[in-house]
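In what follows, a structure is listed as structure tokens, so that the remarks can point back to it.
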Ligand SMILES: *[C@@H]1O[C@H](CO)[C@@H](O)[C@H](O)[C@H]1NC(C)=O
Ligand SMILES: *[C@@H]1O[C@H](CO)[C@@H](O)[C@H](O)[C@H]1NC(C)=O
Ligand SMILES: *[C@@H]1O[C@H](CO)[C@@H](O)[C@H](O)[C@H]1NC(C)=O
Ligand SMILES: *[C@@H]1O[C@H](CO)[C@@H](O)[C@H](O)[C@H]1NC(C)=O
């Protein structure tokens, strides 16, 4: 073999291995068809500047995260800036103070000074047609989250750990923020140590989303619930979002795991919740949430309050589910936890909405082996055989599609939020204004420029927010 032939061979092998380092598997459920950067040649950026450029430029890209990309401090620090001490922080340095921003959240609370990293407060904007793929078990984006906004679509994040975003501070930053996007697949992501939401969605539609094999690790030294558990986990406020959520592990959280409002359709199956000291589900508006084949272990409150659009599959309700969806529905397993059906949660409208939403095929298993499977497979460094092949059982394609969404006015939502807040002041919850729940600073602009009715709603809900505490 000549040197030239050898060089060609080596080059082709390198090319092949670059492709092989791309996305593993494909999403089941609503985000089926998401291709991210597709067949673009995979490449690793050299530093945070190049990563930021590649995330935001107009090229379809497969971006390899082959090491830790540390953004902390890169956007500057805010030294001796204004923070507040919410009532929830009765534990000093083991709790979370909040950064004062242009929202009114801090208004009722005493002020203090604090030093935080400005970088974390807004995420890195990701343009359309990107795959962001971790290599091995060391893929970390530190100090800044990712934003899917402004109509950008078709994005995959796989095998990446997002961490260390001002974890000391409420309003310190989100790990994943979505507002006006479509076709998002988060797979084998790990999220830990964030100040605000691990995932925040809304208010504009985020279209079709699949979240799978992801680890939500709530262990923290700065806990809004003052017990080493993270409160701000998943906030779903996107209008008409359709989310398939499976094989995820949510552990050591204490609230919003998830909190879902607004008309949207969510299918939670084969997930594992463990060690939650507050609430898992909080469903506060006209959502459609199907909960099946999951395991809840050591979850204080599995289902908070009086959710409306929820269907929980158990031995009593599984036949109604099967009849509507035209397939087997799977019961949940609840261990050492609060009741999953404190009220009736067999809303037929919810099932009908699932049918209308036409979730592409998913394979759902009995909950029996879910806990061990999820612990072994969720998070980073675990890519392999665990990708769900596009499905065996499907969510009833046969039933006739009818539009079952009704768009509530913002005023109605605010009224509900206010009502809910006053009803549940005794629980360790925060059910306040939806406007103040999302943490992206760009949201502030949106709220400000929103319609009169939204402003009215925000004002109404702000009154409710005065009860907004996260008590231990
Ligand atoms: C994304 O990829 C699709 C399919 O190749 C293409 O039609 C679209 O223009 C791309 N979007 C952007 C913003 O580049
Ligand atoms: C929850 O945490 C406690 C203390 O760390 C531990 O003993 C227990 O096994 C955990 N429960 C689950 C379901 O992981
Ligand atoms: C069922 O869900 C729909 C849609 O979320 C909601 O409007 C309705 O109030 C719910 N019904 C009950 C009895 O909870
Ligand atoms: C199943 O859920 C329904 C509806 O929420 C509830 O009324 C019923 O008591 C539950 N059955 C069991 C066995 O937990």
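Rundown of residues vs (1) assigned to a strand (DSSP E or B); (2) farther than 27 Å from residue 94 by Cα; (3) more than 16 Å from ligand 4 (Cβ to nearest atom), yes/no style:
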site	(1), (2), (3)
232	no, no, yes
235	yes, no, yes
250	yes, no, yes
330	no, yes, no
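Counting only strands (runs of 3 or more DSSP E) that sit completely within segment 53-95, those holding 2 or more residues that are over 22 Å from residue 194 (Cα atoms) correspond to 61-65.
For segment 206-229, the condition holds for no residue, the condition being that it is more than 11 Å from the chain's Cα centre (by Cα), farther than 29 Å from residue 366 by Cα and either within 16 Å of ligand 3 (Cβ to nearest atom) or assigned to a strand (DSSP E or B) (or both). Of the residues making up segment 237-247, those that are surrounded by 24 or more Cβ atoms within 10 Å (Cβ to Cβ) and part of a loop (DSSP other than H, G, I, E, B) number 2. Taking segment 374-403 as the range and being modelled with pLDDT of 50 or more and either more than 22 Å from the chain's Cα centre (by Cα) or buried (at least 19 other Cβ atoms within 10 Å of the Cβ) (or both) as the test, the residues that pass are 374, 377, 378, 379, 380, 383, 384, 385, 387, 388.
Here's the yes/no breakdown for (1) away from ligand 3 (no atom under 14 Å from the Cβ); (2) modelled with pLDDT of 95 or more; (3) crowded, with 24+ Cβ neighbours inside 10 Å; (4) part of a strand (DSSP E or B):
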{"position": "256", "(1), (2), (3), (4)": "yes, yes, yes, no"}
{"position": "266", "(1), (2), (3), (4)": "no, yes, yes, yes"}
{"position": "273", "(1), (2), (3), (4)": "yes, yes, yes, yes"}
{"position": "279", "(1), (2), (3), (4)": "yes, yes, yes, yes"}
{"position": "285", "(1), (2), (3), (4)": "no, no, no, no"}
{"position": "290", "(1), (2), (3), (4)": "no, yes, yes, yes"}
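Tell me, which residue of segment 36-58 that is in contact (Cβ under 8 Å) with a residue 40 or more places away in the chain and surrounded by fewer than 17 Cβ atoms within 10 Å (Cβ to Cβ) is nearest to residue 116 (Cα to Cα)? Going through the qualifying residues, I end up with 56. Answer yes if at least one residue in segment 135-143 is buried (at least 24 other Cβ atoms within 10 Å of the Cβ), at pLDDT 95 or above and not in a strand (DSSP E or B), and no otherwise. Within segment 135-143 (the criterion being buried (at least 24 other Cβ atoms within 10 Å of the Cβ), at pLDDT 95 or above and not in a strand (DSSP E or B)), the answer is yes, since at least one residue qualifies. Filtering 121, 168, 144, 158 for residues that are more than 30 Å from residue 86 (Cβ to Cβ) and either within 16 Å of ligand 3 (Cβ to nearest atom) or in contact (Cβ under 8 Å) with a residue 12 or more places away in the chain (or both) leaves a single hit, 158. The condition (being crowded, with 24+ Cβ neighbours inside 10 Å, modelled with pLDDT of 95 or more, part of a strand (DSSP E or B) and within 16 Å of ligand 1 (Cβ to nearest atom)) is satisfied by just one residue among 191, 184: 184. Does residue 126 satisfy the criteria of being more than 16 Å from ligand 2 (Cβ to nearest atom) and surrounded by fewer than 22 Cβ atoms within 10 Å (Cβ to Cβ)? Criteria not met by residue 126. The set of residues in segment 338-351 that are surrounded by fewer than 20 Cβ atoms within 10 Å (Cβ to Cβ) and more than 10 Å from ligand 3 (Cβ to nearest atom) comprises 338, 339, 341, 342. Residue 119 falls short on exactly one of the conditions (1) in a strand (DSSP E or B); (2) under 25 Å from residue 44 (Cα atoms), and that condition is (1).
When each of 64, 103 is tested for being away from ligand 2 (no atom under 16 Å from the Cβ), modelled with pLDDT under 95, surrounded by 19 or more Cβ atoms within 10 Å (Cβ to Cβ) and under 23 Å from the mean Cα position of the chain (by Cα), the lone residue that passes is 103.
Every condition in (1) under 21 Å from residue 212 (Cα atoms); (2) modelled with pLDDT of 95 or more; (3) touching a helix residue (DSSP H, G or I) at 6+ places or on another chain (Cβ under 8 Å) is met by residue 261 except one, and the failing one is (2). Name the residue that is farthest from ligand 4 (Cβ to nearest atom), counting only residues in segment 292-313 that are part of a loop (DSSP other than H, G, I, E, B), buried (at least 19 other Cβ atoms within 10 Å of the Cβ) and free of Cβ contacts under 8 Å to residues at least 40 places away in the same chain. My answer is 307.
The values are calculated or read from the model by the stated rules, or taken from the named source; none is laboratory data. Keep in mind the model is a prediction, meaning the values are calculated, not measured. Here Cβ is always computed from backbone atoms with ideal geometry, including for glycine, and neighbour counts include all displayed protein chains.
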